[in-house]
1. Work out the FRET efficiency for residue 59 and residue 12 from their Cβ-Cβ distance, taking R0 = 30 Å, and round it to the nearest 0.05.
2. Only four residue types carry charge here, +1 at the Cβ of Lys and Arg and -1 at the Cβ of Asp and Glu. Report the dipole size of segment 10-84 about the Cα centre in Debye, rounded to the nearest 20.
3. Using only Cα atoms, tell me the angle between helix 17-27 and the longest principal axis of the chain; keep it within 0 to 90° and round to the nearest 10.
Amino acid sequence: MVGGEQSLSLRNGCDVVGLAAHEFTHTLGVYHMQMRDDRDDYLTIDLTNVPAGMQGNFAKLSTDESINYNPYEYGSVMHYGSNT
């Protein structure tokens, strides 16, 4: 959804501040850090280890879609963990 009302549902397991911040940041239109167009300069993603139906969370954005305000940040609330 672009613009308009956004719903944020925090169910069991999302009561940790980092998880809530992650989901809230999605409502602002921010993508996962590992989806940036320059992500291959910083990490390697082995899609064979990604569960079926979750590959979209690791898709690399095009340069037109990726807005990189800051340097790549491994500690970002929008970055999945190394063993995700």
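A short reminder: the numbers here are calculations on the coordinates, not readings from a lab. Computed from a predicted structure; not experimentally measured. Using ideal geometry, Cβ is built from the backbone for each residue, glycine included, and neighbour counts are taken over all protein chains shown.
1. E(calc), rounded to 0.05, equals 0.60.
2. Result for segment 10-84 is approximately 220 debye, rounded to the nearest 20.
3. For helix 17-27, the angle is close to 80 degrees.
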